[in-house]
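As structure tokens, the structure follows; a few thoughts come after it.
Taken together, the values in this text are just the output of simple stated rules run on the coordinates, not laboratory data. Everything numeric in this text was worked out from a predicted model, so none of it was measured. All Cβ positions, even for glycine, are placed from backbone atoms using ideal geometry, and neighbour counts span all protein chains on display.
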Amino acid sequence: MAILVETTVPDTGRLSVHVHADLEIKISAAEAQARVTQFVHARISSQMHGSTPLLVLKEKPAWQVPVHLTFPSIGDAGAVGTIAVDIESGEMNTSAFVIEDIERHAEQVAARFARTTAS
């Protein structure tokens, strides 16, 4: 599992990072991935799934679960967005903006693959 530490970084100069995190992880990475897969199947498309989560340390730690689009003929077409899952409550950021962003990126990826397979 990878961990991302979200912090402000200067354009130039010295950056000193000290990390101490004392977290209660009640939702595992696998559970976060499964929740995202269930959500996108039910609400967006059965051709999407959650991929390997990244633990993001910020003010409110969360799993960032990439959402991937797949096609029966080619397999995984790539990431089309992410959904954050709270590590304690399991609450997902599934706002209208997040869903619209995923749908827009999925349409762009699908159009790109349609052009390359039609050639």
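How much length would be gained if the chain were fully extended between Val98 and Leu57, taking 0.36 nm per residue of separation minus their Cα-Cα distance, in nm to one decimal?
Working: separation 41, 0.36 × 41 = 14.76 nm, distance 1.99 nm.
Contour length minus Cα-Cα distance gives 12.8 nm.
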Cα long-axis angle, helix 29-43 against the chain (0 to 90 degrees, to the nearest 10): 40
Label-point separation, Ser73 to Asp22 (7 Å along Cα→Cβ), nm: 5.6
Mean residue ellipticity (222 nm) of the chain, computed from DSSP H runs ≥ 4 via -39,500 (n - 2.57), nearest 500: -11000 deg cm²/dmol
Point-charge dipole on Cβ atoms (K/R +1, D/E -1) for the chain, about Cα centre, debye to 20: 360
Unit charges at the beta carbon, dipole of the chain: most positive-side option, Thr7, Val56, Leu69: Leu69
For the chain, share of DSSP beta bridges that run antiparallel, in % to the nearest 5: 85
Whole-angstrom gap from the stretch 1-34 to the stretch 60-119, using each part's C-alpha centre: 22
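Hey, got the dipole for the stretch 30-88? About the Cα centre, +1 on K and R Cβ, -1 on D and E Cβ, debye to the nearest 20? Show your work: numbers first, answer last.
Details: 4 positive and 5 negative charges, 24 e Å.
The dipole of the stretch 30-88 has a size of about 120 debye.
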